[in-house]
Amino acid sequence: MQPVIPPSVEALNVVVHRTQVPLWMPWPLPVGWLFTGVACAGDDRTGGRATAVACTGPGPLGGMGELILVAEELGVGLGARYAGMDGPDPGPHMNVEKPPQAKVLAAGRPTPLWHVAGAPDDRAVFAGEALGMWLWAVVWPEQSGLLMYDELVLTDLRDAGAEVELVPCGALSPRLLGP
């Protein structure tokens, strides 16, 4: 795990150019939401093998909500860390025999997400596959998981170009610092 990077457009640009995996963010951000930090797993030689982007804003039922979107290669475990779960991958905790509980549009592709069972009660956890990588969505508090039913549009910030300069930044999310 690399050090967590506080939210700024400059820091986001550095991660965009170093990572080998998607850097997912709802774009446009929901009204009132801000980018609140980014974390990576990997090394300087091979680049990021996992990314976590944090956003904070008004929850759908009032109060503040937090969302961490994780993209990772199989077996890395960054998503499981934020989900508060054992094991590196969500597969054993998802029932893909049932219809997905949420759908997002990731890089222009409809992407189903399934509820991940076994997470702590203070958060909602969804996972699926996008661009050949695990996509985790971890939302606090649990009732803010309703945000995932709005069919969010996720953009891989590696493909956003100059739009990265428009990302509104807030204070660093303490959720990025530890589970």
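Points worth noting:
- Where a residue in segment 161-174 is charged (D, E, K, R) and its partner, wherever it lies, is surrounded by 12 or more Cβ atoms within 10 Å (Cβ to Cβ), with Cβ under 6 Å and at least six apart: GLU165/VAL9
- Each residue in segment 80-96 was checked for being touching a residue at least 40 places away in the same chain (Cβ under 8 Å), farther than 16 Å from GLN2 by Cβ and not hydrophobic (A, V, I, L, M, F, W, C), and 3 pass.
- Given (1) part of a helix (DSSP H, G or I); (2) buried (at least 22 other Cβ atoms within 10 Å of the Cβ); (3) not β-branched (Val, Ile, Thr), number of the condition ALA54 does not satisfy: (1)
- Candidates GLY77, GLY118, GLY108 - the one that is without any contact (Cβ under 8 Å) to a residue 60 or more places away in the chain and in contact with a His (Cβ under 8 Å, 6 or more places away or on another chain): GLY118
- Taking first residues from segment 7-30 that are surrounded by fewer than 20 Cβ atoms within 10 Å (Cβ to Cβ) and partners that are of a type in the set (D, E, K, R), the Cβ contacts under 8 Å between residues at least 6 apart in sequence or on separate chains come to VAL9/GLU165; VAL16/ARG158; ARG18/ASP44; GLN20/ARG49; TRP27/GLU163; PRO30/ASP150.
- Selected residue [touching a strand residue (DSSP E or B) at 6+ places or on another chain (Cβ under 9 Å), assigned to a strand (DSSP E or B) and without any contact (Cβ under 8 Å) to a residue 60 or more places away in the chain] from GLY65, GLY48, GLY37: GLY48
For every residue, the table says whether it meets (1) of a type in the set (Phe, Trp, Tyr); (2) more than 25 Å from LEU177 (Cβ to Cβ); (3) modelled with pLDDT of 95 or more.
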site: GLY84; (1), (2), (3): no, no, yes
site: PRO100; (1), (2), (3): no, yes, yes
site: LEU105; (1), (2), (3): no, yes, yes
site: GLY108; (1), (2), (3): no, yes, yes
site: ASP121; (1), (2), (3): no, no, yes
site: ASP150; (1), (2), (3): no, yes, no
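- For segment 68-111, the tally of residues that are in a helix (DSSP H, G or I), closer than 25 Å to ALA160 by Cβ and of a type in the set (A, V, I, L, M, F, W, C) stands at 1.
- When GLU10 is tested against (1) more than 27 Å from SER144 (Cα to Cα); (2) in a loop (DSSP other than H, G, I, E, B), just one condition goes unmet, and that condition is (2).
- Output for segment 117-144, where each listed residue is on the phi < 0 side of the Ramachandran plot, in contact with a strand residue (DSSP E or B) (Cβ under 9 Å, 6 or more places away or on another chain) and assigned to a loop (DSSP other than H, G, I, E, B): ALA117, ALA119, ASP122, ARG123, PRO141
The values are calculated or read from the model by the stated rules, or taken from the named source; none is laboratory data. All figures in this text were calculated on a predicted structure; none of them were measured in a lab. Here Cβ is always computed from backbone atoms with ideal geometry, including for glycine, and neighbour counts include all displayed protein chains.
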